[in-house]
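Okay, so here's the structure we're looking at.
The values are calculated or read from the model by the stated rules, or taken from the named source; none is laboratory data. A quick note: this is a predicted structure, and the numbers were derived from the prediction, not measured. No Cβ is skipped: glycine too gets one built from the backbone with ideal geometry, and neighbour counts run over all protein chains shown. Ligands, DNA and RNA are stripped out before the accessible areas are found, and what is left, the full protein with its side chains, is counted by its heavy atoms. Shrake-Rupley method; radii C 1.70, N 1.55, O 1.52, S 1.80 Å.
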Amino acid sequence: MDPEEVEERDGLESETETGPQDVDAEAFAAEPASGAPAPSVDGGAAGSQAPPGPPPPDATDTGAPPPPAAPNAPQPTSGRGVGRGRGRGRPRGSGRGRTAGRGQDPGRGRGEAGGTTVPPAPPAASGSQTQAPTFEDLDPDNAPTRPAFSGETEDWELTPEVDLSHEAHPVEFFLLMLSLAYWKAVAANSNKYMGKCRMEGVTKYPDAKKFTLATVFLYVAALICNGLNPSISQEFLFRDSLAFNGSPIKQFLTRERWREVRAFIHISDPNPLVARARGHPNFDELHKVRPLLVEFMSNAQRLVRPGKCLAIDEITIGFQGHQSALKQRCGKFKKAGDGFQADAVVLAGGFVWAFVFRGDNTAPTIVKALSPLHNRCLYILSMLFATGLSGFWLFWDNLYPSLKVVQLLARGLESVGHFTAGPKEGTTDTFKVPIVLSAGTCRTNRGIPKDVLWPKVQGRAEEELKAKPLAERVKSQVTTDSSRVLAISVYDNAPVYIMSTIHATVDVVTVFKKIWDAQQHARTDGSIQRLECVDHYNKHMDFVDVSDQLAKYYEFDGGFWRFHKWWQPIDNAFIKRACDQAHLIYKKVCAAETLRRAALSTSVSESPASRTRGAAARTEPIKPMRQSSWRRLPRGSSSWPTTTCSRPIRCVWTPLRRPSSSSARASSAASRGPPSPPRVGPLPDRLAAPRHASAP
């Protein structure tokens with residue numbers, strides 16, 4: 001079972017066949033499906049069981065018949081079976097049992113003959129009751145109409161806030177995601193935390209030096225260097241042996257200074273008036289990394305304007321320690337193992353635009369009748385309203401979509417959200433979600449109509465079903481309400497159920513791809529037929545997977561380190577994602593300048609000087625530098641590699657050859673002199689850190 005399914009199970013059982021007409025919580029007290037409890041206004045089930053009453057007076061007599069039921073006594077409702085009870089007050093041997101099995105009118109309770117059950121809840125008021133959505137067969141001549149995307153381009157684009165050229169320093173692109181002001185705040189908070197530890201006498205490093213901006217940058221540089229040349233442990237970064245040699249970190253940080261930095265670096269303000277203790281109403285579960293998360297997400301939304309297609313999925317950060325409120329048991333499903341998970345909106349290419357961590361108690365409750373999972377989705381999708389766009393295409397997997405949420409997003413939403421914890425505890429805010437069309441695989445208990453479900457087949461019957469043409473293995477129906485949700489099922493290797501408000505008809509496309517040929521034992525060119533909705537899902541659902549793939553490349557801890565502080569894996573992961581997203585922005589800048597040069601060459605070609613060699617040179621595209629590529633420069637070089645270089649770019653770090661003898665080693669060390677930090681180019685003056693009398 002998916003770990004998030006366990007969390008959302010109670011909140012989603014009542015989301016099978018109901019559709020809201022308003023955003024109020026009372027509007028979701030819809031008629032339940034057959035056998036399902038009707039949800040109450042406060043989110044609980046109206047058919048839930050009441051506490052058991054006192055045992056009957058003659059319950060202690062062995063074999064005594066139960067007292068006659070009162071005329072108005074509640075009758076058993078649907079449950080596990082009549083007579084299933086623990087037999088409180090009975091002698092040994094007549095306790096838990098079933099008298100009528102799982103037959104009709106069963107009831108589960110404590111006491112005799114199944115115990116006391118609660119009568120059915122009275123029907124809801126006519127003003128707050130909604131009709132269950134009805135489905136009808138899809139008519140191609142009367143297909144539903146879908147709103148168009150209001151943006152100019154379908155791909156995401158940079159805002160005017162990005163004023164860098166392709167020749168800018170890579171640090172400048174990195175500081176777009178995590179600004180210089182943020183790193184100054186990290187240095188200041190680290191000094192506060194170090195002073196607090198000294199006052200309390202709980203530090204092992206009483207003589208640690210003060211943090212400066214250069215100290216924080218050296219710490220980030222050490223993480224990046226370990227990503228390029230990973231070490232299995234932090235202790236091996238400074239070990240000089242035959243197996244572990246050549247780590248660049250020891251050239252600008254000593255072992256003692258590294259330990260001091262790791263012990264005292266602090267992202268948030270350690271002031272107890274700011275960082276509330278656990279148990280306080282304003283306590284924030286993610287207070288240790290909240291400034292980092294706010295800085296990362298605000299800059300991502302400030303720099304990038306989303307395109308037409310989005311994807312929602314979870315991103316996972318592995319952690320092997322203890323954190324009961326935030327840690328998710330997802331090791332069975334994720335390669336990263338157990339750790340922290342966040343539901344994220346990701347754009348094409350793996351650009352993370354918005355996210356909310358699971359277990360974040362500061363996330364608002366927008367619609368009380370929905371589960372925490374869907375409230376988190378509504379919260380991050382409400383951030384799209386500030387862009388002024390609508391008609392987005394959203395793709396998600398079977399963990400997320402349900403008929404209620406799909407209908408809400410197709411109509412748009414405006415609701416008052418409540419903050420139940422954190423700094424905004426007890427306050428409300430208005431959240432607006434633009435029109436978002438969605439498509440994705442769906443679970444059968446989330447609103448798929450019965451006429452679309454496939455019966456369970458096995459053996460020869462299943463093989464015959466798979467051998468049928470695609471048109472005979474497809475079922476579809478559409479809702480009759482304004483959202484016109486299209487429910488599709490196709491039998492491939494197994495039944496696949498899709499719920500979509502993007503597609504109006506069930507179309508088939510031909511996809512050309514490499515197909516395995518069993519006779520030739522090789523992949524050959526071929527074509528297959530596929531539903532259009534399935535093809536769109538396959539192309540756009542992998543945005544989050546691409547983001548995870550980028551985060552895995554040159555991972556800062558190399559996948560080996562273990563952390564005692566729960567917030568350090570989150571810190572490392574988002575610094576790495578800031579590097580990845582800076583590179584994505586850099587590639588967009590190169591593409592934009594290539595288009596400008598192409599437009600310039602077109603205008604020049606119309607002039608008499610178009611035959612000159614200079615005009616032809618302007619048409620050459622700008623090839624962006626690979627994220628892991630650096631030019632090998634000699635020590636002391638003051639030039640930065642430009643992206644127009646045509647020769648291969650190699651890593652700046654080169655392993656040092658070990659001398660064959662101790663005398664040769666000594667002469668080699670004497671000839672080299674004291675080690676100096678490697679440089680690939682000076683920072684611009686506006687980015688250079690102020691010089692201090694004491695070394696970092």
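General remarks:
- Accessible surface of the range 295-425 [probe 1.4 Å, protein heavy atoms]: carbon and sulfur percent: 49 percent
- In terms of its C-alpha gyration tensor, the range 471-558 comes out oblate, because a/c is 1.5 or above while a/b does not outweigh b/c.
- Ranked by the mean number of other Cβ atoms within 10 Å per residue, highest first, peptides 585-595, 147-157 order as 585-595, 147-157.
- Spacing of the modelled spin labels on Thr480 and Leu465, each 7 Å from Cα toward Cβ, amounts to 2.8 nm.
- Rh by Kirkwood over Cα pairs, then Stokes-Einstein D for the range 411-498 at 0.692 mPa s and 37 °C, µm²/s: 200 µm²/s
- Gyration tensor verdict on the range 303-456 (Cα atoms; rounded if a/c is under 1.5, prolate if a/b is larger than b/c, oblate otherwise): rounded
- Highest mean packing first, where packing is the average number of other Cβ atoms within 10 Å per residue, the peptides 455-466, 364-375, 387-398 line up as 364-375, 387-398, 455-466.
- Looking at the range 457-517, the pairs of alpha carbons with a distance over 18 Å make up 50% of the total.
- Prolate/oblate/rounded label for the range 186-264 (Cα gyration tensor, a/c 1.5): prolate
- Remark on Gly417: its backbone amide H falls under 5 Å from those of Asp429, Thr430, Phe431, a criterion applied only to residues 5 or more positions apart or on other chains, H modelled at 1.01 Å from N.
- Taking 0.36 nm per residue of separation and subtracting the Cα-Cα distance, full extension of the segment from His322 to Glu200 would add 41.5 nm.
- Ordering of 206-219, 406-419 by burial proxy (mean other Cβ atoms within 10 Å per residue, highest first): 406-419, 206-219
- A simple spin-label model places pseudo-atoms 7 Å from Cα toward Cβ; at Gln529 and Glu414 they are separated by 4.7 nm.
- When the Cα convex hull of the range 392-547 is projected onto planes of every orientation, the mean area is 13.2 nm².
- Using C-alpha pairs below 8 Å separated by at least 6 residues, the relative contact order for the range 488-579 is 17 percent.
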